[in-house]
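Below is one structure; the comments refer to it alone.
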Amino acid sequence: MKTARRYLASEIYRTTIAVILVLLGLFIFFDMIDALDNLNEKFTFVSLLYVQALQIPNRLYDLLPICVLIGTVIALAGLAQRNELVILRVSGISSKRLLWMLWLITIPFMIFAAFVSEVVTPYTEKKTSEFTISALGKNSTKMDSGYWFREPVDDAHYRVINIRRLNSSTEIDTITIFEYNTQDNQLSSVTNAAKGILQHGELRLDNVTTRTLTSNLAQVLTNEQAPLESISSLKTQKTISFKTSLTSERLVATELQPDKMSTPDLLNYVQYLEENNLQANRHIVALWRKGSYPFTLLVMITLAAPIGFVQSRKGGVGAKIFLGILIGIIFFMANQLALNVGMLNNLPPWLTALLPNIIALILAFGALYLMERRSKPRNFIHAK
């Protein structure tokens with residue numbers, strides 16, 4: 001039993017690593033060609049190679065489930081072609097036992113996936129964002145108006161911060177701060193600054209202009225007559241500082257994909273969003289998806305089992321590999337579709353994250369059951 005499991009593991013690990021190297025090479029090559037247009041004096045070819053190296057864990061995170069599926073299909077198809085699976089079955093190892101062996105073989109993949117998901121990918125994604133911001137002077141990828149944050153000032157006021165440009169994780173350009181009354185949500189002041197630095201829980205602004213409203217703006221706008229007195233006062237300051245709930249991690253988090261953040265960073269950002277009554281559903285879904293990511297590998301190797309177990313007399317390896325690739329692409333598309341549909345329809349986060357895995361696992365078990373059911377009558381006839 002142990003010898004058979006070790007042999008299966010060596011075959012699956014060897015083919016999966018080969019598939020990972022091939023797919024990573026293809027994706028890196030095409031992405032480098034696509035990124036050549038961004039080369040300039042600051043973003044040189046060496047910088048491009050550095051960014052591509054940082055993106056390897058990110059691509060590995062996306063490709064690992066499909067690589068496990070294709071690698072397992074190739075390994076099992078090769079064993080079936082050489083009649084080695086038949087030998088295992090004749091020696092008394094049932095399909096259930098083979099599936100259990102495959103699940104045990106998946107455990108190192110799951111540990112590796114959890115390490116990549118929680119440690120390597122978040123680190124390299126942060127480094128990539130910080131480097132592209134400093135090298136390209138990156139503007140917001142979310143909206144043309146920049147980055148938007150909301151936080152309380154005190155019991156009577158809250159502020160909305162707009163940042164048009166990030167120079168680094170701590171240096172920002174063109175800041176506008178809108179302060180509102182909590183009771184009636186009326187605008188009380190608007191502050192503009194050319195530059196800002198975020199450090200140690202404080203936001204320091206340079207070249208600051210603050211316009212404070214001295215009248216109720218809603219009443220002034222609804223009045224047909226022009227106001228007799230000025231409705232605002234203007235104040236200019238060279239530098240001001242104030243406490244803020246923003247941190248460099250939360251600032252950079254706006255540029256990161258939620259699925260590529262670590263669980264502690266996701267929990268911290270979800271807490272910030274919920275404390276300020278902001279939409280956190282996308283990041284909660286990402287938490288569920290990260291938790292289910294190692295389980296996805298188990299689903300992939302279960303999907304590969306019925307494909308690889310099928311015994312074909314004349315080759316059939318190419319057809320199995322093609323079917324494995326097709327199933328992997330369909331699963332990836334179904335995963336993205338479930339995410340978009342779940343976000344649009346405000347479905348429960350656990351359902352959005354787990355539904356594709358649950359459906360794929362049911363289909364895999366159904367295929368294994370049908371395969372076993374078809375093989376039993378044949379065995380009975382041969383026994384006769």
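The table below gives the values:
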{"quantity": "Condition met for residue 275 (acidic (Asp, Glu) and in contact with a helix residue (DSSP H, G or I) (Cβ under 7 Å, 6 or more places away or on another chain))", "calculated": "no"}
{"quantity": "Search result, residues across region 266-283 that are within 14 Å of the chain's Cα centre (by Cα) and buried (at least 21 other Cβ atoms within 10 Å of the Cβ)", "calculated": "266, 283"}
{"quantity": "Options 76, 23; residue that is touching a Leu at 6+ places or on another chain (Cβ under 9 Å), closer than 30 Å to residue 370 by Cβ and surrounded by 17 or more Cβ atoms within 10 Å (Cβ to Cβ)", "calculated": "76"}
{"quantity": "Single unsatisfied condition, residue 62 versus (1) touching a residue at least 40 places away in the same chain (Cβ under 8 Å); (2) more than 30 Å from residue 95 (Cβ to Cβ); (3) of a type in the set (Asp, Glu)", "calculated": "(1)"}
{"quantity": "Criterion (at pLDDT below 85 and surrounded by 14 or more Cβ atoms within 10 Å (Cβ to Cβ)) met by exactly one of 195, 142, 126", "calculated": "126"}
{"quantity": "Every residue from region 324-351 that is under 15 Å from the mean Cα position of the chain (by Cα), farther than 18 Å from residue 68 by Cα and surrounded by 15 or more Cβ atoms within 10 Å (Cβ to Cβ)", "calculated": "338, 339, 343, 349"}
{"quantity": "Check on residue 263, polar (S, T, N, Q), surrounded by 21 or more Cβ atoms within 10 Å (Cβ to Cβ) and touching a residue at least 24 places away in the same chain (Cβ under 8 Å)", "calculated": "no"}
{"quantity": "Residue pairs meeting the criteria (Cβ under 7 Å; at least 6 apart or on separate chains; first within 14 Å of residue 301 (Cα to Cα), in region 351-363; second among the polar types (S, T, N, Q) and part of a helix (DSSP H, G or I))", "calculated": "357/292; 357/296; 361/302"}
{"quantity": "Candidates 354, 297 - the one that is surrounded by 15 or more Cβ atoms within 10 Å (Cβ to Cβ), at pLDDT 85 or above and within 20 Å of residue 257 (Cα to Cα)", "calculated": "354"}
{"quantity": "When residues of region 129-139 are limited to those that are of a type outside the set (S, T, N, Q) and closer than 15 Å to residue 172 by Cβ, the one modelled with the lowest pLDDT", "calculated": "138"}
{"quantity": "Flag if residue 41 is among the charged types (D, E, K, R), out of contact with any Gly (no Cβ under 7 Å at 6 or more places or on another chain), part of a helix (DSSP H, G or I) and assigned by TED's automatic domain parsing to the domain that holds residue 294", "calculated": "no"}
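The values are calculated or read from the model by the stated rules, or taken from the named source; none is laboratory data. None of the values given here were measured: they were computed from a predicted structure. As a convention, Cβ positions derive from the backbone with ideal geometry for all residues, glycine included, and neighbour counts pool all protein chains shown.
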